[in-house]
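**Student:** Please read through the structure below; I'll follow up with questions.
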Amino acid sequence: MSFFQTSKNLKLENEVGDLQKALDSINIVKASYDNSYITIHTDFDTEINTLGIKNILSQVILNILSNAQDALIQNKIKNKKVTFSLRQSKELITITVKDNGGGIRNEIIDKIFDPYFTTKHQSQGTGLGLYMSSQIIQKHFQGHLSVFNVEDSDGLGACFVLEFLKNK
């Protein structure tokens with residue numbers, strides 16, 4: 001599925017579905033992560049149901065996981081790790097993707113959701129992935145995509161947080 005499809009071409013899932021099935025993006029990158037010696041840890045609340053456009057949520061997650069992989073490899077991290085969590089509260093669903101790839105430089109962290117902003121070579125990136133991801137979360141899920149750096153026992157890394165209202 002392309003990020004550039006118009007909304008009239010998107011098929012809304014009108015039934016309540018298990019959100020974890022939309023997170024099968026992890027299985028898509030698993031082989032690539034294994035080949036790059038990246039460990040992925042998952043921590044999911046069970047039985048989270050919501051209405052939504054599952055395929056485009058998968059695109060957002062794939063984009064974040066791909067960027068995490070690039071950072072881990074580029075920065076030559078020894079014990080490469082990505083932690084992926086899915087939580088629900090009474091009103092919100094929160095998806096968190098955290099890596100230990102060295103974080104995002106402070107001088108650019110506020111720009112990474114801008115259109116055409118990229119840290120990659122022109123032949124490797126267009127600067128549209130994170131911009132489109134944030135637009136998808138805002139427009140189709142009435143949510144928010146944010147990022148910050150975090151340092152913990154795994155090291156310094158970027159932490160992406162997707163938050164959107166839980167459908168009732």
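Read-outs throughout are calculated quantities, based only on the coordinates presented, and are distinct from any laboratory measurement. Worth saying up front: this structure is predicted, and the values here are computed from it rather than measured.
**Student:** List, in order, the whole-Hz ³J(HN,Hα) value for each residue of segment 96-107 obtained from phi through the Karplus relation with A = 6.51, B = -1.76, C = 1.60 and θ = phi - 60°; use x for Gly and Pro.
**Tutor:** 10, 10, 10, 10, 10, x, x, x, 10, 4, 4, 6
**Student:** How much length would be gained if the chain were fully extended between Leu165 and Arg87, taking 0.36 nm per residue of separation minus their Cα-Cα distance, in nm to one decimal?
**Tutor:** Numbers: separation 78, 0.36 × 78 = 28.08 nm, distance 1.18 nm.
Result: 26.9 nm gained on full extension.
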